[in-house]
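Here the structure is laid out as structure tokens; the discussion comes afterwards.
The values are calculated or read from the model by the stated rules, or taken from the named source; none is laboratory data. Worth saying up front: this structure is predicted, and the values here are computed from it rather than measured. Here the Cβ positions follow ideal geometry from the backbone for every residue, glycine too, while neighbour counts run over all protein chains shown. Areas reflect the complete protein model, heavy atoms only, side chains present, ligands, DNA and RNA absent. Shrake-Rupley method; radii C 1.70, N 1.55, O 1.52, S 1.80 Å.
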Amino acid sequence: MLENYHTHTTRCRHAHGAEEEYVLSAIAGGLQVLGFSDHTPFLFPDGYRSGIRMEPEELKDYAQTILALKKKYAEQIHIHLGLEVEYYPDRIPALLELIKPFGIEYMILGQHWCGNEENEPYNGAATYSDALLKRYCDQVIEAMDTGLFSYIAHPDLIHFIGNDKIYRTHMERLCRAAKEKNMPLEINLLGYTNGRHYPRELFWQIAGEQGCDVVLGSDAHIPQEVVNPDAEKKALELVDKYNLHLLPRVPIHPYI
């Protein structure tokens, strides 16, 4: 693993450590590229305040901090400024206007909620709902069509505990779309580190059957998670088991 584009900062309210600590951890671990992609701010209506993402007024400091580190460590590592973004169709135009002045280089899709987060269930909560699974896949596929996103973070985050045949039906559809659109899918190393319900083997079996492109993402919330050899080993075992097409480089592209 030479590149990681999935790194958070304390602004998301559930990460710890200074940004420079993440950079030093990446250098010590042999990474050539480190991308910061903290949870994007959104302009929410009715005074709603999110507890898991930066506020709009924090965006300037986020950008300035990361770009200063990019300059400081330019001879040791390539640093990039990104965001992890949910696809909320009605919020995207305002978001693009909000982030325009700050030099954001890329966006990755992390669909933690469908529709919106003010009054929708968290996709990572266990559910038997076929309808929620379908909505999740529909929304992720629609997000792919926008061309905004470089890859899909933890595509198996949706915690559907119903019938595997139903899960397969919808996830085959998602994986076919990813293959058709050359959209890489991320094996999320934090899922291994924290013992989460993902990476889910059935999902990656389907991804392998569909010939999807795959990347690794640390999803680091503390500096020590930027490089995690044990989690990486498990991810590579998954790659081998299901004959996944692991890309040698993460094909990040501008969102505009």
Report the extension gain between Leu202 and Glu57 in nm, rounded to one decimal, defined as 0.36 nm multiplied by the number of residues separating them, less their alpha carbon distance.
48.1 nm
So what's the projected area for segment 65-198, the Cα convex hull averaged over all directions, in nm²?
9.7 nm²
First compute the accessible area of segment 1-144 with a 1.4 Å probe, then give the percent of it belonging to carbon and sulfur atoms.
54 percent
Once phi for every residue in segment 99-106 is put through the Karplus expression 6.51 cos²θ - 1.76 cosθ + 1.60 (θ = phi - 60°), the whole-Hz ³J(HN,Hα) values, with Gly and Pro written as x, are 8, 3, x, 10, x, 5, 8, 7
Beyond 14 Å, what share of the Cα-Cα pairs of segment 1-65 remains, rounded to the nearest whole percent?
60 percent
Between segment 33-57 and segment 169-216, the Cα center-to-center distance that results, in Å:
25 Å
For a quick check, take a GNM of the chain with Cα springs below 10 Å and name the residue from Leu109, Leu81, Leu67 with the largest mean-square fluctuation.
Leu67
With every protein chain left in place, what is the accessible area of Phe44 in Å² (1.4 Å probe, nearest 10)?
40 Å²
Compute the distance in nm between two label points, each set 7 Å from the Cα along the Cα-to-Cβ direction, one at Lys181 and one at Ala68.
3.7 nm
Under a crude label model (7 Å from the Cα following the beta-carbon direction), how far is Glu118 from His16 in nanometres?
3.3 nm
In Å², what does the accessible area per residue of segment 98-209 work out to with a 1.4 Å probe?
38 Å²
Listed residues Glu97, Glu117 arranged by accessible area, highest first, probe 1.4 Å:
Glu97, Glu117
Here the gain from full extension of Phe102 to His245, 0.36 nm per residue of separation minus their alpha-carbon distance, amounts to 48.1 nm
Between Glu172 and His78, what is the spin-label point distance in nm, taking each point 7 Å from the Cα along the Cα→C-beta axis?
3.8 nm
Counting Lys and Arg as +1 and Asp and Glu as -1, each charge on the Cβ, what is the dipole of the chain about the Cα centre in debye, to the nearest 20?
300 debye
Under a 1.4 Å probe, counting only protein heavy atoms, Arg196 has an accessible area in Å², nearest 10, of 100 Å²
Let me make sure I get this right: for segment 192-256, a, b and c are the square roots of the gyration tensor eigenvalues over alpha carbons, sorted descending. Under 1.5 in a/c it's rounded, otherwise prolate if a/b > b/c, else oblate. Which is it?
oblate
If you wrap the chain's Cα atoms in a convex hull and average its projection over all directions, what's the area in nm²?
12.4 nm²
Show His78, His221 ordered by accessible area, largest first, where the area counts protein heavy atoms only and the probe is 1.4 Å.
His78, His221
